[in-house]
Each structure stands twice: as C-alpha cells, then as structure tokens.
1. Where Rh is the Kirkwood radius over the Cα pairs of the chain, the temperature 37 °C and the viscosity 0.692 mPa s, what D in µm²/s does Stokes-Einstein return?
2. Order 82-88, 101-107 from most to least packed using the mean count of other Cβ atoms within 10 Å.
3. For labels at ASP111 and SER32 in the simple 7 Å Cα→Cβ model, what's the distance in nm?
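Every number in this text was worked out from the coordinates using simple rules, so none of it is lab data. Every value quoted in this text rests on a predicted model; they were computed, and no experiment measured them. Don't worry about glycine lacking a Cβ; one is built from the backbone with ideal geometry, like all the others, and counts go over all protein chains shown.
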Amino acid sequence: MTALTTTDPQSLERNAVLDEEQMLDLAGGDASLRREIAELALSELPIITRALGDSVRVGDTRRVGSGAHRLKGALSNLAAGHSLARARRMEEAAFAGDLGAVRAEIAPLEDAMEDLLRALERLA
C-alpha cells in the first residue's frame, strides 16, 4: 500500500460528509488505493463507532477518550471533515472528564458516521 500524503487537519474539517476529490489526493491520486481505503473504512469504522457508543453508555470517559482517539486516527486517512470534527470534540470532552458533553456528542457523531458510511459505499 502506498503512503498517504498529509493534509492540514483544519482544511479537512471544512469538508462536508466526504470530499471524494480530497480523498483521492490523500491517496496520492491513486483511485484503486482510494477504493481500498474506502473498503477498509467500511469494515473498521462500524466496529470502532459501536465500541465508542458502548463506552459512552456505560459512562467510561477514559475509554471514550481512547475510542474517540482511535476513531480520529481512522478518519485521518479520509476526507471526512464533519466526522473528524465530531470525533475530535468527543475526544476533547472525554479527556476533560465532561460526561454530559460526551453524552450530548454521541448521537450527532453516530449520525455523521452513518452518513460517512453511505458515502464510502459509493466508492467501494
């Protein structure tokens, strides 16, 4: 697999659900690599998101922070600015120990992830 190029995280956050052209840029212009990344994301993101939701429901902010960090890392190879921004907010709230903010963020994050998965299915 080819190494991905890096992009300013702030520019990623300005994107909507999925910026397919930016994702292609992140994949070095290789459409087959972009498709491979989309397929991998489709298999991994639901697992990470489900585990994150479970951690929120039991109120374990430490586990939420770790899960949000893992999700953020997975999203960093995608041009999924909205989901990345949501994961970043979740991570910050969790590491601050703000369970109320964590609980308020989970539904919007799960919605953003559902939208992202639908967008990724079109690329896979």
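1. In µm²/s, the coefficient is 229.
2. Averaged packing, sorted descending, gives the order 82-88, 101-107.
3. 4.0
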